[in-house]
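Asker: Got a structure for you, questions after.
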């Protein structure tokens, strides 16, 4: 997989997953806002998006914003959960308990991967949601999630995110939910909260 890497002395790697139509360089710009002792790897998605850039899975636009088929999201999550350990190994980065941080489509992918037995147990979903907020029994009590979202997001509307948060909480996932006066974006206050969450929860 194409990737960018920041090496550091920490014991957990932050895995950055970009949004639809972007690439690994996009979220790699977050490294300045992440704890300096976290090793970081930003990955590029496999699919080429029709509009340019790359995508983890196909999407469609609907009345409720961006939509995707649950089967496509699950397939991508399974593939990435299988590839991340070997990719970290190739780069000599810590493999144990990586923290997946995804924006938009990357956040949707990270949340879906968390629901797999082989997936991450710590996820930060930035402007993302569950593609299907349906209860999913399993090891969810082990998991911790940071959800960050803009209340004016028209790509992934806040109502879908709130439904996802409720589902995760009902499953026993430890959820830190943060809403901001913004759209489909990241702002300094959200990045500051991400840094704090990584230090306090996922360190």
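Asker: How many residues does segment 153-175 hold that are surrounded by 15 or more Cβ atoms within 10 Å (Cβ to Cβ), more than 23 Å from residue 116 (Cα to Cα) and out of contact with any strand residue (DSSP E or B) (no Cβ under 9 Å at 6 or more places or on another chain)?
Answerer: Count: 0.
Asker: Still on this model: Is one or more of the residues making up segment 94-106 part of a helix (DSSP H, G or I), touching a residue at least 12 places away in the same chain (Cβ under 8 Å) and either under 14 Å from the mean Cα position of the chain (by Cα) or surrounded by fewer than 23 Cβ atoms within 10 Å (Cβ to Cβ) (or both)?
Answerer: The answer is yes; a qualifying residue exists.
One line per residue, one yes/no per condition, for (1) closer than 22 Å to residue 179 by Cα; (2) surrounded by fewer than 20 Cβ atoms within 10 Å (Cβ to Cβ):
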site	(1), (2)
46	no, yes
50	no, yes
64	yes, yes
72	no, yes
76	no, no
119	no, no
151	yes, yes
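Asker: A further question follows. Only one residue in 114, 182 is touching a strand residue (DSSP E or B) at 6+ places or on another chain (Cβ under 6 Å), in contact (Cβ under 8 Å) with a residue 12 or more places away in the chain and crowded, with 23+ Cβ neighbours inside 10 Å. Which one?
Answerer: Among 114, 182, only 114 is touching a strand residue (DSSP E or B) at 6+ places or on another chain (Cβ under 6 Å), in contact (Cβ under 8 Å) with a residue 12 or more places away in the chain and crowded, with 23+ Cβ neighbours inside 10 Å.
Per-residue answers, yes or no, for (1) under 14 Å from residue 195 (Cα atoms); (2) modelled with pLDDT of 95 or more:
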position: 1; (1), (2): no, no
position: 8; (1), (2): no, yes
position: 17; (1), (2): no, yes
position: 22; (1), (2): no, yes
position: 40; (1), (2): yes, yes
position: 44; (1), (2): no, yes
position: 51; (1), (2): no, no
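Asker: Do you know which residues across segment 1-31 are under 25 Å from residue 67 (Cβ atoms) and surrounded by fewer than 24 Cβ atoms within 10 Å (Cβ to Cβ)?
Answerer: Hits for segment 1-31 are 20, 21, 22, 23, 24, 26.
Asker: Of the conditions (1) at pLDDT below 95; (2) touching a helix residue (DSSP H, G or I) at 6+ places or on another chain (Cβ under 8 Å); (3) in a helix (DSSP H, G or I), residue 71 fails just one. Which one is it?
Answerer: Status for residue 71: all satisfied but (2).
Asker: Looking at 196, 121, 87, 201, can you tell me which residue is touching a strand residue (DSSP E or B) at 6+ places or on another chain (Cβ under 8 Å), farther than 18 Å from residue 73 by Cβ and at pLDDT 95 or above?
Answerer: Among 196, 121, 87, 201, only 87 is touching a strand residue (DSSP E or B) at 6+ places or on another chain (Cβ under 8 Å), farther than 18 Å from residue 73 by Cβ and at pLDDT 95 or above.
Asker: Of the residues in segment 22-57, how many are farther than 21 Å from residue 119 by Cβ, over 16 Å from the mean Cα position of the chain (by Cα) and in a loop (DSSP other than H, G, I, E, B)?
Answerer: Here the count works out to 8.
Asker: Mind listing whichever residues of segment 132-144 are at pLDDT below 90 and outside any helix (DSSP H, G or I)?
Answerer: 132, 133, 134, 135, 136, 137, 138, 139
The values are calculated or read from the model by the stated rules, or taken from the named source; none is laboratory data. Please read these numbers as outputs of a predicted model, since none were measured by experiment. Reconstructed Cβ throughout: ideal geometry from the backbone, glycine too, with neighbour counts over all protein chains shown.
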